[in-house]
Amino acid sequence: LPAEAGQLRIDWADGLMPVLRSIRARFERERPLDGLRVAACLHVTAETANLMRALRAGGAEVVLCSANPFSAQDDVAAALGSHHGVEVRGRRGEGVDEYARNVAALAELAPHITLDDGADLVGFLHAQRPELVGAMLGATEETTTGLVRLRALEAAGTLGCPVYAVNEARTERVFNDYYGTGQSALDGILRATNLLLAGRTMVVLGYGYTGRGVARRADGLGASVVVCEIDPLRALEARMDGFEVMPALAAAERGDIFVTVTGGRDALGPRHFERMKDGAVLANAGHFDVEIDLAGLRGLAGSEPVAVRPLIEQYDLGSKRLYVLASGRVVNLAAAEGHPADVMDMSFATQALAVAALARADGSLAVEVHAIPAEIDREVAQLKLASMDIEIDALSPEQEAYLRPFDHLP
Ligand SMILES: NC(=O)c1ccc[n+]([C@@H]2O[C@H](COP(=O)([O-])OP(=O)(O)OC[C@H]3O[C@@H](n4cnc5c(N)ncnc54)[C@H](O)[C@@H]3O)[C@@H](O)[C@H]2O)c1
């Protein structure tokens, strides 16, 4: 039965999420979300299911829709509905129209707090139902791309509620973007292609937090890594980290596998496709499916692509064939299972504590994009260390005084 299979996956993930488990136990005792409606537009995975359970344990009424029309795990959605009292809208392969309807349906519930991975739900509320935004306690945002959208609203003076930038928490940057995407993007590429990375050249476009995780893990599997950047400092970092750095046009001729992770659009386009080798594989680990210009690729090929394996489309350019994974959608979710549960444990613990902080503030937070409070970062890291039986030192009073020389001044 789908719900039973989904529950097994949720339990497996739960076993790997000790931080969120301890927060769930505390929420059960303290009920910080009693009486609140929480709507989440997140990837429907077993890890997300455990975040939903924590919010339910805190007393919230919880609804969830998928943050990507193609990645929802239907068995997990079934288990959330039947075993945990969480209504889920969205199914794998629902398509963009149904996806938009699901987002709209969640918005209509007039949530007190929203959780997003790409700002689609809170963005819809701002665009279509601004009067509901004014009544919200706030929102949390899980990804870089969503924050770009929300900061644009802030800059335009149209942001309507406080937002916690979960994506920029210290724990999130290190665990989610670097370790999480680093491993899971490669996992998606390997599951789809079963290629041996050793001996191949992987081109990573974008050396942000996520890109450097992809580059480092590919290096660990024996690939020769080439990095393309537009930011001089990050390009320099990539070189100092031991990778070759060059413009994308030069890298186009070198790469066997290309991974875009820029957060922008058209990192790879016709100029690059023309120079690529026969058999080159193209994948995207950035949030939106606009990093590889597929319309441009179709134009060059002059015909529709052919599915040659699940999740691999072949574009025949006459002199050569290029292979696109998961139609350019975010590869670690479309071709694998997203981040490992251990990684999402940290992100979702931060999410849960950020939601509780919004509830506690009860509307008193300024309407702006806020950094995650340092106490939340510290609490999540402490809980994770405790779960790993790792103890660390604390400063002596003398050391603290030395580090804060102005504390005693009036
Ligand atoms: N797949 C996942 O699970 C996952 C996880 C986290 C973030 N993301 C997404 O990955 C993308 C990148 O996120 P990030 O946190 O690393 O962002 P970031 O801003 O830290 O890094 C992006 C880098 O790409 C560079 N860049 C921009 N345009 C470029 C171009 N055309 N060519 C080469 N380099 C270019 C920028 O200079 C920057 O250094 C975003 O879309 C984000 O939402 C995906």
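What follows is calculated from the coordinates using simple rules that are stated; it is not laboratory data. Given the structure is predicted, the values throughout are model-derived calculations rather than measurements. Positions of Cβ are generated from backbone atoms using ideal geometry, with glycine treated the same way; all protein chains shown enter the neighbour counts.
Each residue of the stretch 95-100 in turn: what ³J(HN,Hα) in whole Hz from Karplus with 6.51, -1.76, 1.60 and θ = phi - 60°, glycine and Pro shown as x?
Using θ = phi - 60°, the values come out as x, 6, 5, 5, 4, 4 Hz.
With r as the distance between the Cβ atoms of Ser22 and Glu98 and R0 = 41 Å, compute the FRET efficiency 1/(1 + (r/R0)^6) and round to 0.05.
0.65
Give me the compactness ratio for the stretch 258-308, meaning the Cα radius of gyration over 2.2 N^0.38 Å.
Numbers: Rg = 10.8 Å, N = 51, 2.2 N^0.38 = 9.8 Å.
In units of the 2.2 N^0.38 Å rule of thumb, it is 1.10.
What whole-number volume per residue, in cubic angstrom, does the convex hull of the C-alpha atoms of the stretch 13-92 give?
Working: hull volume 6.1 nm³, N = 80.
Output value, Cα hull per residue: 76 Å³.
On full extension of the chain, what length is gained from Asp278 through Asn194, given 0.36 nm per residue of separation minus the C-alpha to C-alpha distance?
Working: separation 84, 0.36 × 84 = 30.24 nm, distance 1.76 nm.
Extra length from Asp278 to Asn194 when fully extended: 28.5 nm.
Using alpha-carbon pairs under 8 Å, 6+ residues apart, how would you state the relative contact order of the stretch 273-372 in percent? Provide the component values of the computation, followed by the final result.
Values: 109 pairs, mean separation 25.8, N = 100.
After rounding, I find 26 percent.
5 Å is the cut-off here: which amide hydrogens, built 1.01 Å from N in the peptide plane, fall below it relative to Ala40, excluding neighbours closer than 5 in sequence?
Val63, Leu64, Cys65, Leu115
Work out Dmax and Rg for the chain from the C-alpha atoms and quote the Rg first, both in angstrom.
Final numbers for Rg and Dmax: 22.0, 76 Å.
Based only on other Cβ atoms within 10 Å, what is the fewest-to-most ordering of His84, His287? If you can, show how the numbers build up before the last one.
Working: His84 17, His287 24.
Ranked by crowding around the Cβ, least crowded first: His84, His287.
Gaussian network model of the chain, Cα springs within a sub-10 Å range: biggest mean-square fluctuation belongs to which of Pro397, Pro373, Pro69?
Largest GNM mean-square fluctuation: Pro397.
Ratio of the stretch 1-152's C-alpha Rg to 2.2 N^0.38 Å, to two decimals? Mind dumping the intermediate values first?
Details: Rg = 14.8 Å, N = 152, 2.2 N^0.38 = 14.8 Å.
So the stretch 1-152 has a normalised radius of gyration of 1.00.
What is the P(r) of the stretch 316-379, as percent of Cα-Cα pairs per 5 Å bin from 0?
Going from the shortest bin to the longest, the percentages are 4, 13, 15, 14, 11, 10, 10, 7, 5, 4, 4, 2, 0.
In terms of the Cα gyration tensor, with a ≥ b ≥ c the square roots of its eigenvalues, is the stretch 2-51 rounded because a/c is under 1.5, prolate because a/b exceeds b/c, or oblate?
Values: a/c = 2.19, a/b = 1.38, b/c = 1.59.
Oblate.
Running a GNM on the chain with Cα contacts under 10 Å, which residue among Glu229, Glu94, Glu30 ends up with the highest mean-square fluctuation?
Glu30
For the stretch 274-410, what proportion of DSSP beta bridges, expressed in % and rounded to the nearest 5, is antiparallel? Write down the numbers at each step before the final one.
Details: 8 of 11 bridges.
Taking every DSSP beta bridge with both residues in the stretch 274-410, the antiparallel ones total about 75 percent.
Using a basic spin-label model with each label point 7 Å from the Cα along Cα→Cβ, how many nm lie between Asp362 and Leu233?
4.1
Taking the chain as a Gaussian network, where each spring joins two C-alpha atoms under 10 Å apart, which residue of Ala139, Ala341, Ala110 fluctuates the most?
Most flexible of the set in this elastic network: Ala110.
Would you work out if the stretch 193-283 is rounded, prolate or oblate? Take a ≥ b ≥ c from the square roots of the eigenvalues of the alpha-carbon gyration tensor; rounded if a/c is under 1.5, else prolate when a/b is larger than b/c, oblate otherwise.
The shape class here is oblate.
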